[in-house]
Amino acid sequence: MGAQVALRGVSRVYGAAKALDDVSVEIEPESAVALMGQSGAGKSTLLHLVGGMDLPDGGEVEIDGRSLPRRRLDAHRRRVGFVFQRFHLLPALSVLDNVLAPVLPYRVDFDRRARARELLEAVGLDGRERALPGELSGGQQQRVAIARALIGHPPLLLADEPTGNLDSATGEEIMELLGTLRRHYGMTMMIATHNPELAASCDRLIRLQDGRVVSDDRLEPSEDVLHRIGRLG
Ligand SMILES: Nc1ncnc2c1ncn2[C@@H]1O[C@H](COP(=O)(O)OP(=O)(O)OP(=O)(O)O)[C@@H](O)[C@H]1O
Ligand SMILES: [Mg+2]
């Protein structure tokens, strides 16, 4: 079951600049939300707060109706998958070990290696378990990063410009993959993007400007989008 996310009057301040200024939004479980807005609008800041990688200066972030604590956020972080623009794979580790890395320090109630192999197959990389990241294309590296993000069965997937370092055809493949995985695993997904096509594949588009929400629209998937994501024949 996907996580329910709410921001209630959230602010994040850097010196005189407000990276986020009194942002309130509620996000339904298993929905896909695109965050758009100019560089500096606050998209990454918002994702970091939801992911428990940063703390707000005011307001609350709630997950499933409970405010995130201000300390001991590691338990929350383990329940969140994060995909970055620049992949951030560990270059000396194999593909399989990169996917396993987030759960290696913890006791888990599932078979890690079986889960990693299942995910590598789901992202189209079965047979590449022993490759090093440097032997893969950018799109393949992002697929590894997506598998790594999902290793702990997260109910919430956060992606910060996941297609930003990829050519448009590869970006489209990654976008489709994220949509397929979200539906298959029933995750809530929040994606910061400058890519209008990626945003259009989401259920909802929130625009930020100078740290504030300036529009918030439900998206009716166009037929073109539905065809591309395989919901129509
Ligand atoms: N660690 C930091 N220290 C100081 N200012 C910061 C820091 N992180 C973000 N900011 C500022 O907060 C504002 C929002 O930044 P943020 O990175 O969230 O924007 P963004 O929408 O993700 O932009 P981009 O599209 O370029 O990724 C910007 O004005 C930025 O300069
Ligand atoms: Mg950013």
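Key figures
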| item | result |
| --- | --- |
| Accessible area in square angstrom per residue, the chain, 1.4 angstrom probe | 49 Å² |
| HN-Hα J in Hz across the range 63-75 - Karplus 6.51, -1.76, 1.60, θ = phi - 60°, x for Gly and Pro | 10, 6, x, 10, 4, 5, x, 8, 10, 6, 8, 5, 5 |
| Sequence ranges 174-185, 14-25, ranked by mean other-Cβ count within 10 angstrom, highest first | 174-185, 14-25 |
| Rough spin-label spacing in nm, given labels placed 7 Å along Cα→Cβ, for N165 and R77 | 2.0 nm |
| Label-to-label distance, nm, for residues given as E220 and R107 (7 Å Cα→Cβ offset) | 5.3 nm |
| Centre separation in Å (Cα based) which lies between the range 144-165 and the range 4-23 | 23 Å |
| Highest-MSF residue in the chain out of E28, E60, E220 [GNM, Cα springs under 10 Å] | E220 |
| Carbon/sulfur fraction of accessible area - the range 1-53, other protein chains in place, 1.4 Å, % | 47 percent |
| Interatomic Cα distance distribution for the chain, bins of 10 angstrom, percent | 8, 33, 36, 20, 3, 0 |
| Label point at A114 placed 7 Å out along Cα→Cβ; residues across the range 1-34 whose backbone nitrogen lies under 16 Å | none |
| Size of charge dipole - the range 65-147 - debye, nearest 20, with Cβ of Lys, Arg +1 and Asp, Glu -1, no other charges | 640 debye |
| Interchain or long-range residues, amide H under 5 Å from R12's placed H | A19, L20, D21, D22, D57 |
| Semi-axis lengths, Å, the range 67-136, gyration tensor of Cα atoms, sqrt of 5 times eigenvalues | 25, 15, 11 |
| Dipole moment magnitude, nearest 20 debye, the chain about Cα centre, only Lys, Arg, Asp, Glu C-beta charged | 880 debye |
| Over the chain: helical MRE at 222 nm, DSSP H runs n ≥ 4 each giving -39500 (n - 2.57), nearest 500 | -8500 deg cm²/dmol |
| Whole-Hz couplings from phi, Karplus 6.51/-1.76/1.60, listed for the range 199-211; x for Gly and Pro | 4, 5, 7, 8, 7, 8, 10, 10, 9, 10, 8, 6, x |
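The values are calculated or read from the model by the stated rules, or taken from the named source; none is laboratory data. The structure displayed is predicted, hence computed values, not measured ones. Note that each Cβ is placed from the backbone with ideal geometry, even for glycine, and that neighbours are counted across all protein chains shown. To get the accessible areas, we keep the full protein, side chains included, count just its heavy atoms, and leave off ligands, DNA and RNA. Shrake-Rupley method; radii C 1.70, N 1.55, O 1.52, S 1.80 Å.
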